[in-house]
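Enquirer: What follows is a single structure, and I will ask about it in a moment.
The values are calculated or read from the model by the stated rules, or taken from the named source; none is laboratory data. The shown structure was predicted, so the numbers you read here are calculated from the model rather than taken from an experiment. For neighbour counting, all protein chains shown are included, and Cβ atoms are generated from backbone atoms with ideal geometry for every residue, glycine included. Note: areas computed on protein heavy atoms with side chains; ligands, DNA, RNA excluded. Shrake-Rupley method; radii C 1.70, N 1.55, O 1.52, S 1.80 Å.
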Amino acid sequence: MRVPLHSLLLALALCMPLPALAQKSDQVARTPQMGWNSWNTFGCNVDERMIREMADAMVASGMKDAGYEYINIDDCWHGTRDADGNIRPDPKTFPSGMKALADYVHARGLKLGIYSDAGNTTCAGRPGSRGHEYQDALAYARWGIDYVKYDWCDTKDINPVSAYTTMRDAIARTGRPMLFSICEWGDNKPWEWALDVGHSWRTTGDIYPCWSCEHNHGSWSSLGVLPILDKQAGLRKYAGPGRWNDMDMMEVGNGMTEEEDRAHFSLWAMLASPLIAGNDLRSMGEATRRILTHRGMIAISQDRLGIQAMKWIDEGEVELYLKPLDKGEYALLFLNRGDAAREYTLDWAFHYMKDDISKREIDFGHQRFAWRDVWHGGEGSTAQAFTATLPAHGVVVLRLAPR
């Protein structure tokens, strides 16, 4: 009897020795991942031509040079499973196959990501990975996949810890480093159990391109920037290199104002959330491109310490977030949640900062820092009070260096 090649490869993979304790790859996500995902703009309207064009646009726009590296295909790439249970891409939308697409993306110095689900079906009703975890992981490795986003639809009576650990082990067995992105919307508090399972985990339901709205869908809600921000309270202690609180893909360029986009991007960078763009890179305007490729904010996001910012001062509509950085530096973000611009003054000398996570303290009355305005330029010292006009739904971000 002739054994199909796919079945033989799977059998060989399953016979390979697995370490006593399987581990996620430590070669990826040492800083929050940066890339692009198809869902926010295209939903199920994905095909190989569009993915190739998005890879080209990531290079041409300067995003690759700024640090973005992943081109991620979300739901709806799936075709059917063959007689042996092996997943195949939809032959109508991905006729060249995933290996050829991965080769195209890799040739541009980028990496390719793919999507699946812990249930029998994905959120769009395509084949999920339940019962096929090792087959699917082997297929991804054979295709040259670099990133796996794993969703949580159609999972009634499934244990999330077991489901995500199984896929982690399946990926580990292939021997190919793949970033494993857990997407169970924070329902089961993955920050408490997924530190050794995934490289990032969603902390909320899906994002929506608005400042402070909530769109209720019955059993779940999609959320704007501020509702997602507010749900991060208490989570910063779980973040660090290789383990990130994921505030969902970004909506920069998808309909909010330029100030809101700038604030949105800055908050995701300060809180060490993955920077995964969700707009159409081929047609984005210059303002959107400047925000997404802003080197100063990206440097704050990608700081090697990997410490998530804390809410330092809360004065109602104005909040201050402080992020410890390498070499004794800090990033300080002033957020205006309100609908009108307002002037705000910070008299440094009257403030003290103690952070139990980074084990740092600052007595601004005795310690001096030079500051630089990250978005707009301008420099100064904490020896004098700082006054700024905070735009409505906007931010001002300073980078502080010890003097």
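Enquirer: Taking only pairs six or more apart or across chains, which ones have beta-carbon atoms under 7 Å, a first residue in the range 74-97 that is within 19 Å of Asn45 (Cβ to Cβ), and a second residue that is open to solvent by less than 10 Å² (accessible area, probe 1.4 Å) and modelled with pLDDT under 95?
Expert: Partner pairs satisfying both residue conditions: none exist.
Enquirer: Which ones in the range 141-154 are over 30 Å from Asp103 (Cβ atoms) and either open to solvent by less than 20 Å² (accessible area, probe 1.4 Å) or touching a Pro at 6+ places or on another chain (Cβ under 8 Å) (or both)?
Expert: Matches in the range 141-154: Trp152 only.
Enquirer: So, one more: For the subset of the range 251-268 comprising residues that are in contact (Cβ under 8 Å) with a residue 60 or more places away in the chain and closer than 18 Å to Gly35 by Cβ, which member is least open to solvent (accessible area, probe 1.4 Å)?
Expert: Glu251
Enquirer: Can you name the residue in the range 297-314 that is in a helix (DSSP H, G or I) and not polar (S, T, N, Q) and, of all such residues, is most open to solvent (accessible area, probe 1.4 Å)?
Expert: Ala299
Enquirer: Suppose the filter is closer than 27 Å to Asp26 by Cβ, touching a strand residue (DSSP E or B) at 6+ places or on another chain (Cβ under 9 Å) and surrounded by 16 or more Cβ atoms within 10 Å (Cβ to Cβ); does Ala170 pass it?
Expert: Against the criterion (closer than 27 Å to Asp26 by Cβ, touching a strand residue (DSSP E or B) at 6+ places or on another chain (Cβ under 9 Å) and surrounded by 16 or more Cβ atoms within 10 Å (Cβ to Cβ)), Ala170 does not qualify.
Enquirer: Here is a follow-up. Regarding the range 215-234, can at least one residue be identified that is modelled with pLDDT of 95 or more and closer than 23 Å to Asp26 by Cα?
Expert: Checked the range 215-234: no residue is modelled with pLDDT of 95 or more and closer than 23 Å to Asp26 by Cα.
Enquirer: Could you tell me whether the range 219-234 includes any residue that is open to solvent by 60 Å² or more (accessible area, probe 1.4 Å), among the charged types (D, E, K, R) and in contact with a Gly (Cβ under 8 Å, 6 or more places away or on another chain)?
Expert: yes
Enquirer: Pull up the range 192-214, narrow it to residues that are in contact with a Ser or Thr (Cβ under 7 Å, 6 or more places away or on another chain) and either not in a strand (DSSP E or B) or not hydrophobic (A, V, I, L, M, F, W, C) (or both), then point me to the one that is most open to solvent (accessible area, probe 1.4 Å).
Expert: Only one residue tops the list, namely Glu214.
Enquirer: Still on this structure: Among the candidates Gly198, Gly186, Gly175, which residue alone is touching a residue at least 24 places away in the same chain (Cβ under 8 Å) and over 19 Å from the mean Cα position of the chain (by Cα)?
Expert: The match here is Gly175.
Enquirer: Please return the ranges of helices (runs of 4 or more DSSP H) entirely within the range 215-296 where 1 or more residues are within 20 Å of Val318 (Cα to Cα).
Expert: 225-230, 258-270
Enquirer: Let me ask another. Does any residue of the range 365-380 turn out to be small (Gly, Ala, Ser) and in contact with a Phe, Trp or Tyr (Cβ under 6 Å, 6 or more places away or on another chain)?
Expert: The answer is yes, given that some residue of the range 365-380 is small (Gly, Ala, Ser) and in contact with a Phe, Trp or Tyr (Cβ under 6 Å, 6 or more places away or on another chain).
Enquirer: Under 9 Å by Cβ, and 6 or more places apart or on different chains, what pairs join a residue from the range 359-382 that is surrounded by fewer than 16 Cβ atoms within 10 Å (Cβ to Cβ) and at pLDDT 95 or above with one that is of a type in the set (A, V, I, L, M) and part of a loop (DSSP other than H, G, I, E, B)?
Expert: Arg368/Ala383
Enquirer: Assess whether Lys327 counts as being surrounded by 18 or more Cβ atoms within 10 Å (Cβ to Cβ), under 23 Å from Gly240 (Cβ atoms) and either among the charged types (D, E, K, R) or touching a Gly at 6+ places or on another chain (Cβ under 6 Å) (or both).
Expert: Taking the combined requirement at face value, the residue does not satisfy it.
Enquirer: For the list (1) without any contact (Cβ under 8 Å) to a residue 60 or more places away in the chain; (2) open to solvent by less than 30 Å² (accessible area, probe 1.4 Å); (3) closer than 26 Å to Gly234 by Cβ; (4) more than 25 Å from the chain's Cα centre (by Cα), I need the number of the one condition that Glu317 fails.
Expert: (2)
Enquirer: Name the residue that is farthest from Met256 (Cα to Cα), counting only residues in the range 25-36 that are assigned to a loop (DSSP other than H, G, I, E, B) and among the small types (Gly, Ala, Ser).
Expert: Ser25
Enquirer: Within the range 270-281, does at least one residue satisfy the condition of being out of contact with any helix residue (DSSP H, G or I) (no Cβ under 8 Å at 6 or more places or on another chain) and open to solvent by 30 Å² or more (accessible area, probe 1.4 Å)?
Expert: Scanning the range 270-281, I find no residue that is out of contact with any helix residue (DSSP H, G or I) (no Cβ under 8 Å at 6 or more places or on another chain) and open to solvent by 30 Å² or more (accessible area, probe 1.4 Å), so the answer is no.
Enquirer: Next question, about the same structure. What's the number of the condition Thr345 fails, among (1) in a loop (DSSP other than H, G, I, E, B); (2) open to solvent by 50 Å² or more (accessible area, probe 1.4 Å)?
Expert: Status for Thr345: all satisfied but (1).
Enquirer: Of all residues being under 26 Å from the mean Cα position of the chain (by Cα) and on the phi > 0 side of the Ramachandran plot in the range 60-94, which is surrounded by the fewest Cβ atoms within 10 Å (Cβ to Cβ)? Just the residue, please.
Expert: Among them, the one singled out is Gly62.
Enquirer: Now for a different question. Among the numbered criteria (1) closer than 18 Å to Gln308 by Cβ; (2) in a strand (DSSP E or B), which one does Ser358 miss?
Expert: (2)
Enquirer: To continue, here is another question. List every residue pair whose Cβ atoms sit under 6 Å apart, with the two residues 6 or more apart in sequence or on different chains, where the first one lies in the range 38-59 and is open to solvent by 30 Å² or more (accessible area, probe 1.4 Å) and the second, anywhere, is assigned to a helix (DSSP H, G or I).
Expert: As it stands, the answer is Arg52/Tyr104, since those pairs meet every condition given.
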